[in-house]
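Every number here is computed from the coordinates shown, using simple stated rules; none is lab data. Bear in mind the structure is a predicted one, so any value in this text is a computation, not a measurement. Cβ coordinates were reconstructed from backbone atoms using ideal geometry, including for glycine residues, and neighbour counts include every protein chain displayed.
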Amino acid sequence: MQVNLKIRRYNPEREDGVYWQTYSLDVPSQFTVLDALMKIREEIDGSLALRCSCRSAICGSCSMRVDGHAKLACKTKLNVLTEEGGEISVEPMGNLPVIKDLVTDMQPFWDKVRQVEPWLQAEGPAPEREYRVPNEAMVHLTDVMNCIMCGACVSDCTVLEAELKYGKPYDQTFIAPAALAKAYRFVADPRDDQQRERLKKLSEPSGVYDCTHCFECVEVCPKGVAPMDRILKMRELAVEAGITDKAGVRHAKAAEQSIKASGRNYELTFYPKSVGLFNVKELLPAMPTGLAFVRKAGTRFLLPHKAENVQKIQRVFKKVGKRNKENPNTEGQA
Ligand code: FES
């Protein structure tokens, strides 16, 4: 098939910085994006930099953005993406510094993984021979253990993207989906004795409550790890463990109270209730954002106002409350 690969290139030694280059190829239709990139590097342009190893969706090294979303290049077939004569865009992963062309610096990724202490921390003397746990206690961890650390979820995480845009470049604080999924692997491991300590740390700012549930990490994960689901599960576990005096929990409660009462988020009290009404240290830096919001949205939001059909919303709350009472295992699920 005839296909055009439009590649985002970057060479730190060139002065023109980032530029796009299109290569036209005639390749077998079952070729993957990685096959095509390797053909370019071997036969057309030896200066193209990319990273790969297993070519079998196992090692996680060939993650890149294909047509705008993170994918494993070795698992993505050209004929699934386009038809004869079509164009496919290929970029390096997002949210990570680019070293050259499609190669990103994974150091920030590994720093975050290290931050969650991804090793078993059991108290007491080690067992004489081995830890023994029932199958049912571990089987639910198999999906999360499938993670190959490819970084696709980090590449497309919208929280990191916002931090990158408005914060310091590549100094994002959000622990991010891959490391949080890894944290869950140990939080939920029956052999680990630090569950409460781990959950306490993960409930701090930059942890589980910073996720905005955009589902992007679930969509792009090539191994079905579903990091967002693990993040939400850790929130539940933290609340069950009594770790509730946290901005994230207050934030959720403030939203619940406001929506229950009026069907809307009452913006004037929402943030102060989340960080603490007298938390001047947090409130002062947020003032410029609040003022910008007033300038943009007007003063309408300063007065509480009810949504139309607020009774309908209240009925949903009643229904969910009743269901949670009858079946506490569904608590937290809308
Ligand atoms: S080369 Fe190993 S996952 Fe693609």
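Annotations
- Net lengthening on full extension, D245/T299 (0.36 nm per residue, minus Cα-Cα): 16.3 nm
- Pairs spanning more than 26 Å between alpha-carbon atoms, out of K200/K281; K112/K246; K233/K281; K273/K296; K71/K296; K281/K306: K233/K281; K71/K296; K281/K306.
- The longest part of the chain holding none of the exposed loop GluC sites (Glu not before Pro), meaning those outside H, G, I, E and B in DSSP with at most 14 other Cβ atoms within 10 Å, is 131-307.
- Convex hull volume of segment 252-330 per residue (C-alpha atoms, cubic angstrom): 109
- Residues of segment 1-39 falling in the label zone of Q107, defined by backbone nitrogen less than 20 Å from a point 7 Å along Cα to beta-carbon, are 10-14.
- Charge dipole magnitude, Cβ of K and R +1, D and E -1 - the chain, Cα centre, debye nearest 20: 1620
- Taking the chain and dividing mean pair separation by its residue count, relative contact order in percent (alpha carbons under 8 Å, at least six apart): 13
- Counted residue by residue at 0.36 nm each, then reduced by the alpha carbon distance between them, the extension gain from L268 to M1 reaches 90.3 nm.
- In Hz, Karplus ³J(HN,Hα) per residue of segment 72-84 (6.51, -1.76, 1.60; θ = phi - 60°; x = Gly, Pro): 7, 5, 7, 10, 10, 7, 5, 6, 7, 8, 8, 9, 3
- Normalised by the number of residues in segment 189-334, the mean separation of alpha-carbon contacts (under 8 Å, six or more apart) gives a relative contact order of 19 percent.
- When both bridge partners sit in the chain, DSSP labels roughly 80% of those beta bridges antiparallel.
- The label point for R129 and the one for N324, both projected 7 Å from the Cα toward the Cβ, are 4.6 nm apart.
- Table column - 3J(HN,Hα) (Hz), segment 24-40, Karplus curve with 6.51, -1.76, 1.60, x for Gly and Pro: 9, 10, 10, 9, x, 5, 7, 4, 8, 4, 5, 4, 5, 5, 5, 5, 4
- Choice from P227, P125, P177 showing the highest fluctuation, given a GNM over the chain with Cα pairs closer than 10 Å: P125
- In summary, the chain shows an alpha-carbon radius of gyration equal to 1.18 times the 2.2 N^0.38 Å reference for compact globular proteins.
- Among the trypsin sites (Lys or Arg not before Pro) found in segment 1-92, those both in a DSSP coil and sparsely packed, with 15 or fewer other Cβ atoms within 10 Å of their Cβ, are R14.
- Sorting M145, M228 from the fewest to the most surrounding beta carbons within 10 angstrom yields M145, M228.
- Between segment 192-220 and segment 112-181, the Cα center-to-center distance that results, in Å: 9
- Relative contact order computed over segment 106-240 (Cα-Cα under 8 Å; 6+ residues apart), in percent: 33
- Neighbour counts of C-beta atoms inside 10 Å place V316, V239 in the sequence V316, V239, starting with the fewest.
- Residue among L302, L232, L202 with the largest mean-square fluctuation in a Gaussian network model of the chain, springs linking Cα atoms under 10 Å: L302
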